[in-house]
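Engineer: This structure is in structure tokens; I'll ask about it shortly.
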Amino acid sequence: QVHLVASGGGSVQAGGTLRLSCTVVVPEVTFRQTSMGWFRQPPGKLREGVAAIDGDGTTKYAESVKGRFTISKDNAKSTLFLDMNSLKPEDTAMYYCAAELRVRTWWPLREDEYTHWGQGTQVTVSA
């Protein structure tokens, strides 16, 4: 079992900035070879992929967040980040981090590519 701990959520006004973190309890060498993603579930809607980064550092973003969100990782700390800028009310959702112990995935923004999930952290953006 791989344990993920998400944090950093909160309430901000539209146009604000927030950084989410996800610490993965695995050895550094394992984390370096892990594909990871951020997903979100707005109230009353299905969960959707937001951003992903594979073990080689290749990133993918949902069209709705391109240019506003940045996914990154710190391999030494086995930690994943999501920097969220120019936040909009439609970004309001429960955000989840996910991990798959493979260097790459075919569909990095599909939730069924990931085996391990964090508990989620709430992001609320007011107009």
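Engineer: Taking R0 as 25 Å, what's the FRET efficiency between His3 and Val103 from their Cβ-Cβ distance, rounded to 0.05?
Structural biologist: Efficiency, from the Cβ-Cβ distance: 0.75.
Engineer: Also, quick follow-up: If you only keep lysine pairs separated by 8 or more in sequence, or across chains, how many in region 7-114 come under 22 Å at the Cα atoms?
Structural biologist: 7
Engineer: Evaluate the distance, in nm, between pseudo-label points positioned 7 Å from the Cα of Thr58 and of Ala127 along their respective Cα→Cβ axes.
Structural biologist: Going from the Thr58 label point to the Ala127 one covers 4.0 nm.
Engineer: Relative contact order for region 1-126 using alpha-carbon pairs under 8 Å, separation at least 6, rounded to a whole percent?
Structural biologist: The value is 37 percent.
Engineer: Tally the DSSP beta bridges in the chain and give the antiparallel ones as a percent, rounded to 5.
Structural biologist: 90
Engineer: Would you please give the FRET efficiency between Arg110 and Gln13, computed as 1/(1 + (r/R0)^6) with r the Cβ-Cβ distance and R0 = 25 Å, to the nearest 0.05?
Structural biologist: Taking R0 as 25 Å, the efficiency between Arg110 and Gln13 is 0.20.
Engineer: Among Thr58, Phe69, Tyr96, flag the residue with its Cα farthest along the positive direction of the charge dipole of the chain, charges on Cβ as +1 for Lys/Arg and -1 for Asp/Glu.
Structural biologist: Phe69
Engineer: Just to compare against my own numbers: the Cα pair-distance distribution for the chain, 10 Å bins, whole % per bin, please.
Structural biologist: 15, 50, 30, 6, 0
FYI, it's all coordinate maths here, none of it is from the lab. Predicted model only: the values in this text are computed from it and were never measured. Every residue, glycine among them, receives a Cβ derived from its backbone with ideal geometry; neighbour counts consider all protein chains shown.
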